[in-house]
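K.L.:
Could you have a look at this structure, given as C-alpha cells, before my questions?
Each reported figure results from applying straightforward, stated rules to the coordinates on display, with no laboratory input. Remember, predicted model here, so these are calculated numbers, not experimental data. Cβ: placed from backbone, ideal geometry, glycine included. Neighbour counts: every protein chain shown.
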Amino acid sequence: MDLRKIKKLIDLLEESNLAEIEIKEGEESVRLARTPKGTYAMAPQPMQPAPHVERAPMPMHSPTEAATGGHGMSHADLPDGHLVRAPMVGTFYTSPAPDKPPFVTVGQAVKAGETLAIIEAMKMFNPIEADVSGTVLKVLAESGQPIEFDQPLFVIG
C-alpha cells in the first residue's frame, strides 16, 4: 500500500468523528485507530479473581415486594371493596391519550365490562375492564407508572 494513501487515511480520520478506520486492498490491510488527546492506552492487566464472599439470600415473597423493596401497600390502607388487579406487567395509563380525560374517576359508577384503564405491554394497549359493577372507591396507581403482575389497581365498592 502506498504511503501517500496511508497519509490521506490519517488525515481523513483526524477530520472525521470516526474513532478508527480499516481499509483492505487485496492482501494488504491498514487499520488506524485514534485515542482521545490526553489519554494513553494501557497494557492489559491480568485479571485477579474476586474474593469469595458469603451472602445470605434476600427473601422476597411477591412481585410487589420485589418491586418496592418489601414495602408494598398493606390491605389495611385500602377501602373495603373489590380489588381490580393487573393481569400483566406493563405501563399503566388512566386515559386513552395524554390530552384526553381519564376513563374513570373516584366516585364514578361503573358497570362490569367497562374500561377502567389501559396497560401498555410490548407496544400493545390492553384495556383493563371492571369485573364487577359498583363505584370506584380508589385508584391505586398513577398514570404512566410501571406496574407488576397482580398489583392492585382499583377498589370498586
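K.L.:
Give, in nm to one decimal, the length gained when the segment between His82 and Ser95 is fully stretched (0.36 nm per residue of separation minus the Cα-Cα distance).
P.N.:
2.5 nm
K.L.:
Ok, one more. Suppose the chain between Ile10 and Asn126 were pulled fully straight at 0.36 nm per residue; how much longer would it get relative to their current alpha carbon spacing?
P.N.:
The span from Ile10 to Asn126 would gain 36.3 nm if fully extended.
K.L.:
Under 8 Å for C-alpha pairs, at least 6 residues apart: give me the relative contact order for segment 74-146, rounded to a whole percent.
P.N.:
Rounded, it is 36 percent for segment 74-146.
K.L.:
Given labels modelled 7 Å from the Cα in the Cβ direction, how far is it in nm from Leu32 to Lys111?
P.N.:
7.4 nm
K.L.:
A follow-up question, please. Restricting attention to segment 87-157, which GluC sites (Glu not before Pro) occupy a DSSP loop and are surrounded by at most 10 other Cβ atoms within 10 Å?
P.N.:
Listed in order of number, the matching sites are Glu142.
K.L.:
Cross-link partners among lysines for Lys8, C-alpha distance below 17 Å, same-chain residues fewer than 8 apart left out?
P.N.:
Within the straight-line limit of under 17 Å, Lys8 reaches these lysines: Lys24.
K.L.:
Quick one: which residues, 5 or more positions from Glu114 or on another chain, have an amide H under 5 Å from its amide H? H modelled 1.01 Å from N in the peptide plane, none for Pro or chain starts.
P.N.:
For Glu114, the qualifying residues are Ala130.
K.L.:
Provide the net charge surrounding Ser143, with neighbours chosen by a C-beta distance below 12 Å and charges set as Lys +1, Arg +1, Asp -1, Glu -1.
P.N.:
-1
K.L.:
Now, a different point. Quick check: residue separation of Gln145 and Leu18 times 0.36 nm, minus the Cα distance between them. What number comes out in nm?
P.N.:
41.8 nm
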